[in-house]
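Trainee: My structure is below; once you've seen it, I'll send some questions.
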Amino acid sequence: MRPMPMRSPVESQPTLAPGTGTGAGLGLRAPHHATVVTSWPEAAWFEVHSENYFADGGLAIDTLEKVRSRYPLSLHGVGLSLGSTDPLNRRHLANLKRLCRRLEPALVSEHLAWSSVGGHFANDLLPLPYTEEAVHHVSEHIIQVQDMLERRILIENVASYVAFTASTLTEWEFVSAVADASGCGLLLDLNNVYVTAHNQGFCWREYLAGIPPALVQEFHLAGHEHRESAGESLLIDTHATRVSDAVWDVYAAALRRFGPRPTLIEWDSDVPPFEVLQSEARKADRYRDTAHAHAA
Amino acid sequence: MPTLREIQTAMLAALRVGPLDLATPYIDAAGRTAPLRLRIYRDNIRENFYRALRLTFPVVHRLVGADYFRQTARSFQNRCPSRSGDLKDAGESFPDYLGELHRNDRFGYLQDVARLEWLIQEASLAADHEPFNWQSLAAVDPSVYESLTITLHPTLRLFESPFPALSIWESNVMETQDLAAIDLAGGADRVAIMRRRSLEFLRLKVGELAFLQSLGAGMSFGVAVDCGQAADALFDATGALQRFVSAAAVVEFSVPEI
């Protein structure tokens with residue numbers, strides 16, 4: 001086994017803290033910008049895709065600054081390609097740093113995935129083989145990011161449709177090893193846990209049981225769709241529908257194991273009226289309250 | 001065991017331009033279902049790229065229709081794959097690609113409409129700036145006016161086309177004009193695009209365009225005036241400066257060190 005990289009010497013930042021009873025947040029997408037900055041609706045916090053605000057000025061970043069003045073904010077990246085064997089894109093990283101300085105977000109997160117090699121980008125979240133080499137490699141990149149941003153980041157498990165013959169670790173061993181080696185936290189996307197478990201044939205309960213609670217700093221909840229093709233049942237992570245009953249069950253189990261964590265409702269395609277997102281957030285809050293009552 | 005680099009290289013090659021079999025040796029998916037599963041990623045990659053181009057080039061999308069735009073986006077993606085994790089960057093060379101496709105047909109204007117839309121995106125994302133401070137100019141000795149260096153608004157982009165590209169764009173976005181009424185041979189468009197609270201378009205005369213191009217290239221006010229007059233003997237430097245200052249196209253000046 002190769003030696004692990006050193007932990008990044010980063011200071012902790014003001015954050016949406018686990019266990020504070022903060023209500024569920026909402027993914028903020030362009031169709032709701034005007035609603036939010038004109039009516040300031042009830043929402044505990046917002047999360048946005050960082051790359052959508054890589055700009056020196058303009059309507060989108062102006063809107064986000066207004067949102068930031070009223071709500072806690074989380075920046076969630078989709079394009080850093082942490083797992084790529086290419087060097088990290090310095091321009092992308094500089095843009096992210098500038099955005100962090102401008103907005104001082106409570107949380108910053110990226111995906112435990114790769115999307116580029118040889119300078120060409122797929123602009124999709126491709127899964128990594130779960131190997132010691134990949135742990136070492138992606139941890140080095142996370143440390144570079146944390147050093148550049150001067151803060152701890154969270155990494156999110158992605159939905160996966162393939163497994164690799166090279167893998168020698170389970171996914172939960174892999175994500176835990178990466179967090180341990182890099183000093184980052186985990187953003188546990190419970191829809192992705194469920195989707196990947198279905199597609200790869202493992203038990204999501206085993207996944208949750210394999211993650212050390214102290215690593216988990218945020219949950220994501222989103223919708224998926226079922227697809228039958230060539231006699232095979234696959235779940236597709238679409239973010240285009242309500243959270244499924246099965247994933248609410250995963251959330252209940254996660255609350256029991258990890259305790260309350262900042263929880264986000266993600267909805268990226270066929271974005272519904274804002275009130276639908278709020279109703280999903282209230283449902284997440286009820287699950288949190290129920291778990292808290294049982295634990296008391 | 002294959003290295004991570006080998007796996008990523010094979011997988012991206014398979015997903016981008018195929019065949020998917022390039023990646024299947026690395027995939028543990030009971031063999032027969034590996035291509036099915038890989039195709040989900042390929043579809044995502046194509047769809048994400050298509051949507052990004054559609055966002056940057058909404059009028060081109062409307063002009064050519066969804067089917068042709070999707071087909072063109074795919075061939076463009078094969079030719080010029082994304083080189084950024086930010087998909088807003090993906091369309092930079094799309095106008096040139098359209099120009100190649102339509103070099104010899106009656107759709108040559110598509111390149112310029114796309115180029116206009118790319119500049120609109122640039123203007124939309126550029127930094128804001130405070131308005132020009134007239135009082136500071138009053139303190140400058142008039143004898144050095146000719147050597148002043150003048151800064152244009154950071155969002156300002158200059159556009160020139162032999163086609164009425166702005167009229168085409170406006171007819172699609174603002175519904176100010178009937179597209180069918182636009183005569184493609186009806187003359188050139190010269191425009192300064194900028195954004196303050198919203199997008200603004202200043203239609204330019206030949207001399208005004210040359211003047212702004214010269215200022216944008218860092219030439220002194222005097223040289224820029226010469227360029228304006230060389231392009232158009234009727235170029236009115238005083239009137240142009242007043243127009244561009246009041247429109248906030250000009251935001252700063254600097255006095256040369258003696």
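Laboratory data are not the source of any read-out in this text; all were calculated from the coordinates shown. Computed from a predicted model, the values in this text were never measured in an experiment. Cβ coordinates were reconstructed from backbone atoms using ideal geometry, including for glycine residues, and neighbour counts include every protein chain displayed.
Trainee: FRET efficiency for B:D232 and B:D21, Cβ-Cβ distance as r, R0 = 51 Å, nearest 0.05?
Mentor: For B:D232 and B:D21, the calculated efficiency is 0.25.
Trainee: Show me, for the range B:147-156, the HN-Hα J-couplings you get by feeding each phi into the Karplus relation (A = 6.51, B = -1.76, C = 1.60, θ = phi - 60°), rounded to Hz, glycine and proline as x.
Mentor: Here the 3J(HN,Hα) series is 9, 5, 9, 10, 9, 8, 4, x, 8, 5 Hz.
Trainee: So for chain B, averaging the separation of alpha carbon pairs under 8 Å that are six or more residues apart and normalising by length, what relative contact order in percent results? Walk me through the numbers on the way to the answer.
Mentor: On the way: 324 pairs, mean separation 41.6, N = 258.
Reported as a whole number, the value is 16 percent.
Trainee: Right, something else. Cut-off under 28 Å on the C-alpha distance; same-chain residues fewer than 8 positions from A:K97 excluded. Which lysines are left, in chain and number order?
Mentor: Result set, ordered by chain and number: A:K66, B:K88.
Trainee: Sticking with this one: By what distance, in whole Å, do the Cα atoms of chain A stretch along each of the three principal axes, largest value first?
Mentor: 54, 44, 42
Trainee: While we're here: Subtracting the Cα-Cα distance from 0.36 nm times the residue separation, let me have the gained length for B:R203 to B:R39 in nm, one decimal. Intermediate results must be reported in sequence, preceding the final value.
Mentor: Details: separation 164, 0.36 × 164 = 59.04 nm, distance 4.75 nm.
Full-extension gain reported as 54.3 nm.
Trainee: Residue by residue through the range A:125-142, what is 3J(HN,Hα) from phi via Karplus (6.51 cos²θ - 1.76 cosθ + 1.60, θ = phi - 60°)? Round to whole Hz and write x for glycine and proline.
Mentor: Using θ = phi - 60°, the values come out as 8, 8, x, 9, x, 8, 10, 5, 4, 5, 4, 4, 5, 5, 5, 4, 5, 4 Hz.
Trainee: Follow-up question, since we're still on this one. For peptide B:191-202, compute the average count of partner chain beta-carbon atoms within 10 Å of each residue's beta-carbon.
Mentor: Counting other chains' Cβ atoms within 10 Å and averaging over B:191-202 gives 1.
Trainee: Also: Which whole-number percent of Cα pairs in the range A:25-184 have a distance greater than 29 Å?
Mentor: Result: 22 percent of Cα pairs exceed 29 Å.
Trainee: Using mean Cβ contacts within 10 Å as the protection proxy, how do A:234-246, A:104-116 order, highest first?
Mentor: Output ranking for A:234-246, A:104-116: A:104-116, A:234-246.
Trainee: Work out the mean other chain Cβ neighbour count within 10 Å for the residues of A:78-91 and drop it here as an integer. The partial results should precede the final answer.
Mentor: Working: counts 4, 6, 2, 2, 0, 2, 5, 7, 2, 0, 1, 4, 0, 4.
Other-chain Cβ atoms within 10 Å of each residue's Cβ, averaged: 3.
Trainee: Which value, in debye to the nearest 20, gives the size of the charge dipole of chain A about its Cα centre, when Lys and Arg are +1 and Asp and Glu are -1 at the Cβ?
Mentor: Roughly 780 debye for chain A.
Trainee: Ok, one more. Using the reciprocal of the averaged 1/r over all distinct C-alpha pairs, how large is the Kirkwood radius of the protein assembly as shown in Å?
Mentor: 25.9 Å
Trainee: Further question: Averaged over B:73-86, how many beta carbons belonging to a partner chain fall within 10 Å of each residue's beta carbon?
Mentor: On the way: counts 0, 0, 0, 0, 1, 0, 0, 1, 7, 8, 5, 11, 21, 15.
Neighbouring Cβ atoms belonging to other protein chains average 5 per residue here.
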